[in-house]
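The values are calculated or read from the model by the stated rules, or taken from the named source; none is laboratory data. Keep in mind it's a predicted model, so treat the numbers as computed, not measured. Here Cβ is always computed from backbone atoms with ideal geometry, including for glycine, and neighbour counts include all displayed protein chains. The protein model used for the area step is the full one, side chains on, heavy atoms only, and it has no ligands, DNA or RNA in it. Shrake-Rupley method; radii C 1.70, N 1.55, O 1.52, S 1.80 Å.
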Amino acid sequence: MLRAVCFAPVLALCLPLSAAAQDARPDLAALIECRGDLGQLAAIAPLLEDPLKAVALGWQPLPQANMFMSEYRLLAPVRVFGHDTDHIAFSGGGVVAVLDLPDPRPLAKQLELETAVDTPAKAMFGKEVRSEEVRDPAAGKVLIDSAVLNVSNVSSHPGKTLAGCSYSLDLPEDEEASGDGEALPPAQAAQPG
């Protein structure tokens, strides 16, 4: 099941992070390949809000070709899914590598992803690779911490494949359906248009 994800910069304020964790260089390859977690992604929020902090890490902000993505060029490429790239993007609760692959289908097949959309113009594939119950220490509620691996193409980046991970923290489905519990902030698009 592909799940809409929510990632608000406010989340960074909700997750307690040590000063050392906030100052450490993010492991982009781990985040992109779903080996990271929501706390690591939240630690990047200050970099996305302040371009000078991103530049200090060697990330060059790129013009916004897609209104749903914040893109960066890296000084040193990262290796993800067997490919090197120096182009990354953030969208909603996820981070993707922008790969020089004209067709996302072979990579989606290699990663054994499920098909969400497969038309000549648009292809989206994904798979939930982690779904764990966690307890919110402040409210005591049980939440579902999940990571969804996704591969797609997007019209704003012809000849490229977006491959990465979307992270979310949601109420369990039974609480969402029954209306029990408080609502989480509205979900943002998991995949850019």
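Normalised by the number of residues in the stretch 27-131, the average gap of Cα pairs under 8 Å and 6 or more apart makes the relative contact order 16 percent.
When the Cα centres of the stretch 20-79 and the stretch 90-160 are compared, how far apart do they sit, in Å? Each part's Cα centre sits 17 Å from the other's. Can you list the residues of the stretch 144-162 with backbone N under 20 Å from a point 7 Å past the Cα of Arg105, pointing along Cα to Cβ? Within reach of a label on Arg105, which here means backbone N under 20 Å from a point 7 Å along Cα→Cβ, the stretch 144-162 contributes 150-162. Under 13 Å from a label point set 7 Å out along the Cα-to-Cβ vector of Met67, no amide N atom of the stretch 73-90 is found.
Could you give the accessible area per residue of the stretch 65-167, probe 1.4 Å, as a whole number in Å²? Averaged over the residues of the stretch 65-167, the accessible area is 46 Å².
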